[in-house]
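Structure record follows, encoded as structure tokens.
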Ligand code: MCA
Ligand code: AMP
């Protein structure tokens, strides 16, 4: 088992006992199924665990928190006042501690304030990708049973009826009048007594697609988020003088819990960009100190005029994650800017697990060392038996960062944890002789495109259900821009002439655009092994040059 180098001398392995993470898991699976509840301790009820952690490190109220690409600014004082007003409005709408607040809105300062308002009101924040279709939202609302749904005014007519069907109230973020949360908030007091929440209370649920098709809600506690943000601030040396270029969406872990929480926990500031625009990022570099992005950010920036050492000289840290950063991108970036990108590894279920060092060698093709407090081991995927250094196996992690379970899915939760509390990530990896962790593959059928995850099973079910399709296999193929390009290999039914365009049109209203196949390829039959299982490795190999530029 591997721990952060500060807590473990190289070569030393420790026996691992049950810790708080395993106990929490039981706790939350029990809660989710409506079974026994752990009696609250005094510590649990003392304060609002996550918001207090932010508040305790906040700079003076006049200090800048963010500047947006449309010229707006928000100070830390504004954050306190406006998140308080939103929290009052949430309570007025009947949101109670533990209620889910489902939010599908475009990135804005108000969207970030709504996250904090939910935390302060004791609610469970449930952010949803703006690309999700109504069919996808319908599933999330039905599963999570939010008491409130918040959407953009432009989608209110479509989303309102869906919310009502699931028994949720609905309001818009922005817009005027009765149904506007922002309007209602503007009339509230800017003082708010935060609802008490302990370390193990839920702060957020983030849905992550499942290999079996159904998305699962990862339940993240106040302490999961607070502990990870604290550790990242320390490891990445963030301080109040840092200025982050924040160009990620804020409905997934990377933009919300890595980027935003780190800035809040450091009392730092950020350029809050609605979209990733390479030319604008380059123009911001001289006024910033850090950038966080998915590998596509870096490959696109490398093609942009103006990226050189001079432009990047004020930056102290470039961070990449969510998908593998090619060693060639790492190298090209170093040549262009003089900086070694720091690659880290995380998951929705675990927040961040490992990171290359801030000081010390940031090694291309690796994800560095386990963060302090995180235990990581490589195990035999079937038996869970720990493997030796250098051997490839399943990456398993344990620590205060690891979620407590999947929302109302006790069986799935149980299946993804070992008896000793280690979470089975589904990623295959190994630890090299210098203790750097390498991700060498995936034990799960997952495609990562531009940092977004796509589960083939979900698309295959949609495509297979179409008249004219006999069966399909969806695979990820190396793509110069998105890392992997979603590719559908389809077998038509006898006498069917269904086209690629017809397939894409049929799934358009059903699954988010970023999941759509970039190419549809028709074949006579899919390769299968003797057990009848589709051999996706053969397909990936056959089409490996499909997107070669
Ligand atoms: C947009 N499109 C995509 C993607 N994004 N297709 C596949 N994969 C994508 N990621 C579609 C658009 O709908 C559009 O379709 C076409 O591709 C071209 O869009 P384009 O304008 O080039 O895209 P963009 O708007 O510039 O977006 C690319 C992007 C974006 C900036 C790379 O995808 C992005 O922000 N990705 C970051 C995702 C992220 O935050 N992941 C973190 C997850 P059409 O032209 O046909 O309409 S959290 C996580 O993974 C963990 C836990 C972790 O470790 O961090
Ligand atoms: P998500 O479903 O968004 O939680 O995505 C988590 C998955 O993204 C992990 O299980 C990994 O497969 C992948 N991932 C995240 N960071 C990295 C990285 N630096 N290198 C390779 N894969 C990564």
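What follows is calculated from the coordinates using simple rules that are stated; it is not laboratory data. Remember, predicted model here, so these are calculated numbers, not experimental data. As a convention, Cβ positions derive from the backbone with ideal geometry for all residues, glycine included, and neighbour counts pool all protein chains shown.
Data overview
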item	result
Estimated FRET transfer efficiency when R0 is 35 angstrom, pair residue 505-residue 331 (beta carbons, to 0.05)	0.25
Share antiparallel - DSSP beta bridges, the chain, percent rounded to 5	60
Fraction of the pair-distance distribution of region 66-191 above 21 Å, Cα-Cα pairs, percent	34
Calculated diffusion of the chain, Stokes-Einstein form, Kirkwood radius summed over Cα pairs, 20 °C and 1.002 mPa s, µm²/s	88
Packing-based order for 417-424, 221-228, using average beta carbon neighbours within 10 Å, highest first	221-228, 417-424
Region 68-217: relative contact order in percent, alpha carbon pairs under 8 Å with at least 6 residues between	28
Theoretical gain in end-to-end length, residue 138 to residue 541 [0.36 nm per residue, Cα-Cα removed]	141.4 nm
Relative contact order %, the chain, counting alpha carbon pairs below 8 Å whose residues are six or more apart	14
For region 198-341, alpha-carbon Rg over 2.2 N^0.38 Å	1.11
Label-point separation, residue 524 to residue 130 (7 Å along Cα→Cβ), nm	4.7
Cα shape, region 164-212, gyration tensor, a/c 1.5 rule	oblate
Residues in region 326-356 that a label on residue 389 would reach, taking backbone N under 19 Å of a point 7 Å out along Cα→Cβ	354-356
Three-way shape call for region 242-326 based on the alpha-carbon gyration tensor, with the a/c threshold at 1.5	oblate
Stokes-Einstein D (µm²/s) once Rh is taken as the Kirkwood radius of region 198-278 over alpha-carbon pairs, at 20 °C in 1.002 mPa s	155
Extension reserve of the residue 283-residue 64 stretch, reckoned as 0.36 nm per residue once the Cα distance is removed	76.9 nm
Whole-number Å³ per residue for the convex hull built on Cα positions in region 497-549	124
Rg/Rg_ref, region 357-497, where Rg_ref = 2.2 N^0.38 Å and atoms are Cα	1.30
Percent RCO, i.e. relative contact order, over region 84-159, from Cα pairs under 8 Å lying at least 6 residues apart	41
Anisotropy class of region 113-252 from Cα gyration tensor, a/c 1.5 cut	oblate
Residue 186 versus residue 361: modelled label distance in nm, points set 7 Å from Cα along the beta carbon direction	5.8
Estimated FRET transfer efficiency (residue 165, residue 471; beta-carbon r; R0 41 Å; 0.05)	0.80
Theoretical gain in end-to-end length, residue 304 to residue 72 [0.36 nm per residue, Cα-Cα removed]	80.9 nm
